[in-house]
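Okay, structure first, notes after.
The values are calculated or read from the model by the stated rules, or taken from the named source; none is laboratory data. As the structure is a prediction and not an experimental result, all values here were calculated from the model. Methodologically, a virtual Cβ is constructed for each residue, glycine included, from the backbone with ideal geometry; neighbour enumeration extends over all protein chains shown. Please note that ligands, DNA and RNA were not included when accessible areas were found on the heavy atoms of the full protein model with its side chains. Shrake-Rupley method; radii C 1.70, N 1.55, O 1.52, S 1.80 Å.
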Amino acid sequence: MKAINIQSYTSTPSTLLPTTVPTPRPSPSTPLLIRITHCSPQHADLLHAQGAHQNNNAKRGWCHPPFVLGYDFAGVVAAIHPAASTGGLQRGDRVFGASIGAFAEYVAVTASAVRKVPVGVSSAAACAMAGQAVSYAAVVHVARVRAGETVLVSGASGGLGSACCAVATAVGARVFALTGDEGKAGVMRRDGGVDGVVVLDGGGKWVGEVKKATEGRGVDVVLDNTGMVDDALRCLAYGGRVVVLGFAARKGVMEGVKMDKLLLKSATVTGYRFGESGRREPGVLEEIWKGYVGMMESGKLKPILYGNYRGLDDVGRALGDLEARKVYGKIVIKVSDPEENAKL
Ligand SMILES: NC(=O)c1ccc[n+]([C@@H]2O[C@H](COP(=O)([O-])OP(=O)(O)OC[C@H]3O[C@@H](n4cnc5c(N)ncnc54)[C@H](OP(=O)(O)O)[C@@H]3O)[C@@H](O)[C@H]2O)c1
């Protein structure tokens with residue numbers, strides 16, 4: 001099969017091209033063979049390709065070359081190992097999920113890595129939502145956002161950010177989106193369904209705008225996708241919560257946080273690593289997926305889709321666009337048609 005195979009880490013993910021690798025087979029540990037119809041590059045794929053993600057850590061990580069890149073996908077169940085439980089999934093079912101190896105024609109996965117595409121949802125939309133259960137979990141399970149609270153989302157136009165905005169809005173919060181430029185602010189005003197948009201400036205004037213929008217009180221919750229805890233604490237109301245989800249803006253350099261601000265505001269700062277918490281607490285993960293898929297089915301979560309990408313040849317271009325910060329919402333690359341038959 002064709003796949004984006006990482007033989008060694010690369011500093012230029014935009015130049016990656018598909019090569020031919022062995023097609024995976026269903027096995028007792030990964031019993032479902034999925035024919036991939038769509039895949040969706042995310043920030044973590046850039047880090048995986050560069051060897052800059054915690055999953056690449058030589059001692060603690062599990063993602064080392066050679067490996068097939070990619071995480072989020074939608075596809076069709078093409079084959080099932082006879083000796084394994086598949087959670088009720090059958091050959092031909094349309095599914096979506098996340099598992100390393102998604103930038104390929106086929107991937108073999110565990111039953112818990114995929115869910116059936118909800119009725120009325122397209123495979124492309126499901127693919128765009130595959131990685132965003134993180135956002136649902138952060139809003140509902142970690143920050144425990146309540147109706148009427150105010151929420152600020154950093155990196156709001158990004159994959160996790162736009163889904164954080166949608167989930168927080170769905171639970172009845174007043175949501176403010178923080179974006180890097182006026183273009184992305186426009187997208188969030190038009191398609192983000194949020195109550196307000198604040199554009200970052202080089203200085204700290206934008207913090208004043210957040211305060212003004214909250215009648216001087218500050219926000220109850222900051223969902224931080226970019227690595228800005230110090231700034232988040234400046235925007236926070238007394239007793240507020242910050243959830244650290246990612247460091248998209250930090251280029252690998254972690255920030256120092258002024259601890260007195262935590263004390264003075266009686267603030268809570270919580271880190272959240274979705275993959276690891278799911279491995280440690282599978283029961284909670286199931287609960288998260290149930291709630292998240294339910295929200296998708298109710299029509300409250302609709303992805304914002306960016307650009308037009310077709311085939312694995314377009315993975316490099318997509319990663320380059322992500323790296324250049326051109327992208328808002330999610331890129332979805334169409335790899336094959338859901339209606340085709342498996343060519344095994
Ligand atoms: N906690 C978890 O379990 C988990 C799971 C998956 C991913 N993550 C992490 O969460 C973060 C967000 O992921 P994502 O998939 O939503 O990424 P994404 O789609 O690329 O969005 C990131 C957003 O951050 C903003 N940003 C600010 N400075 C940036 C910079 N220097 N480079 C790139 N983006 C920058 C961008 O918005 P503006 O241009 O408007 O500022 C962009 O829209 C990443 O750090 C990712 O590794 C965490």
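For a Förster distance of 25 Å, can you work out the FRET efficiency between the beta-carbons of H141 and Y238, rounded to the nearest 0.05?
Values: r = 24 Å, r/R0 = 0.94.
Rounded to the nearest 0.05, the efficiency is 0.60.
For E287 and D195 in the same chain, what is the full-extension length gain: residue separation times 0.36 nm, less their Cα-Cα distance, in nm? List each step's numbers first, then the result.
Values: separation 92, 0.36 × 92 = 33.12 nm, distance 2.83 nm.
Between E287 and D195, full extension yields 30.3 nm more.
Taking the alpha-carbon centroid of each part, what is the distance from region 280-344 to region 115-143 in angstrom?
After rounding, the separation between the Cα centres reads 9 Å.
Sorted by average packing, counted as other Cβ atoms within 10 angstrom per residue and highest first, what order do 223-230, 79-86 take?
On the way: 223-230: 24.0, 79-86: 13.9.
Highest-to-lowest ranking by the protection proxy: 223-230, 79-86.
Per residue Cα convex hull volume for the chain, in cubic angstrom?
Values: hull volume 46.0 nm³, N = 344.
Residue-normalised Cα hull volume stands at 134 Å³.
Compare Y9, Y106 by solvent-accessible area with a 1.4 Å probe and give them largest first, with all protein chains kept in place.
Details: Y9 85, Y106 20 Å².
The most accessible residue leads, giving Y9, Y106.
Please calculate how many Å² of accessible area the chain carries per residue, with a 1.4 Å probe and no DNA, RNA or ligand atoms counted. Don't skip to the end; give the middle numbers.
Working: 15500 Å² over 344 residues.
Computed with neighbouring chains in place, this is 45 Å² per residue.
So, with a 1.4 angstrom probe, what is the percent of accessible area on region 244-296 that is carbon and sulfur?
Values: 2110 of 3440 Å².
Using a 1.4 Å probe with all protein chains present, region 244-296 comes out at 61 percent carbon and sulfur.
For T19 and K59, what does the FRET efficiency come to when R0 = 30 Å and r is the distance between their Cβ atoms, rounded to the nearest 0.05? Numbers along the way, then the final one.
On the way: r = 29 Å, r/R0 = 0.96.
After rounding to 0.05, the efficiency reads 0.55.
I need the P(r) histogram for region 132-275: all alpha carbon pairs, bin width 10 Å from 0 out to the longest distance, whole percents.
Taking all Cα pairs of region 132-275, the binned fractions are 13, 48, 35, 4 percent.
Describe numerically, in nm with one decimal, the distance between label points set 7 Å from Cα along Cα→Cβ at S8 and at R279.
About 2.7 nm separates the two model spin labels.
Give me the extension gain from A52 to L262: residue separation times 0.36 nm, minus the current Cα-Cα distance, reported in nm with one decimal. Don't skip to the end; give the middle numbers.
Working: separation 210, 0.36 × 210 = 75.60 nm, distance 2.92 nm.
Working it through step by step, the gained length comes to 72.7 nm.
Taking the Cα centre as origin and putting +1 on Lys and Arg beta-carbons and -1 on Asp and Glu beta-carbons, what dipole magnitude results for the chain, to the nearest 20 debye?
About 300 debye.
Could you rank the peptides 44-53, 140-149 by their average count of other C-beta atoms within 10 Å per residue, with the highest value first?
Numbers: 44-53: 20.7, 140-149: 16.6.
Listed from highest to lowest mean packing, they are 44-53, 140-149.
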